[in-house]
Amino acid sequence: MTELTADLVLEGLKAWAEQLYQAASPKVEVALHGGRFSVADLERYATKARACRVALEGLKFELNGRGRLIAHGHAVVVVLAGDAGRAIPRALNVLQVASTLQAALPGSKCGLELEDTIDAKNVRAANLYHAGLDKAGTAAWVITWPVKFEHPRVP
């Protein structure tokens, strides 16, 4: 098992999402986000295009019986989409972006050497309605799932 730091997991999740969306038309912009998503973040990210922001939150560590340091956290992806030039309503547009990710998660390790594959019953998704996003013509959904990985020990 390969040891992973939290920043490697975050970068790996971003790369995995980018790979999923490479064939998407129109393209989906994938970027990292450093932590909890505030209302100001969501308003700043309001976009007519398709985008997602990837974060890793709630890291906890435990030492297992073999002396391995295991990190537990939640991958959090906020998916955003506008009206695509009015051709597709934003409600459907954002669900198309979200469903690509949701369909790829079950049984996946997101291209990383995680401890376990993603169990479909642990994937959560919710609409993130906010008046500021609505005024900007953007719909947003949040998708979360637990991740567990071996973290390097510091001597």
**Message:** When 1/r is averaged over all different Cα pairs and the result inverted, which Kirkwood radius in Å belongs to the stretch 100-155?
**Reply:** 13.6 Å
**Complete:** Filtered hits (lysines, Cα-Cα < 29 Å from Lys109, offset >= 8 within chain) -> Lys14, Lys27, Lys60, Lys121, Lys148
**Fill in**
So, over other residues within a Cβ distance under 11 Å of Gly12, counting Lys, Arg +1 and Asp, Glu -1, the net charge is -2
**Item:** Bins of 5 Å from zero: percent of alpha-carbon pairs in the stretch 27-103
**Value:** 3, 14, 20, 19, 15, 9, 7, 5, 4, 2, 1, 0
**Prompt:** Quick one: helix 90-104 against the long Cα principal axis of the chain, what's the angle to the nearest 10°, folded into 0 to 90?
**Reply:** 20 degrees
**Request:** For a footprinting-style exposure proxy, rank Arg66, Arg44, Arg124 by other Cβ within 10 Å, fewest first.
**Result:** Arg66, Arg44, Arg124
**Asked** Hey, fewest Cβ within 10 Å first, where do Phe37, Phe149 land in order?
**Response** Phe37, Phe149
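Going from the alpha-carbon gyration tensor of the stretch 1-54, what semi-axes, largest first and in whole Å, does one get by taking the root of 5 times each eigenvalue? The partial results should precede the final answer.
Details: eigenvalues 102, 63, 4 Å².
Equivalent ellipsoid semi-axes, largest first: 23, 18, 5 Å.
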**Prompt:** Can you give the convex hull volume of the alpha carbon atoms of the chain per residue, in Å³?
**Reply:** 105 Å³
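Each value in this text was obtained by applying a stated rule to the coordinates, not by laboratory testing. On a predicted model such as this, the values are computed, not experimentally measured, just so you know. Counting neighbours? That spans all protein chains shown, and the Cβs are built from the backbone with ideal geometry, glycine included.
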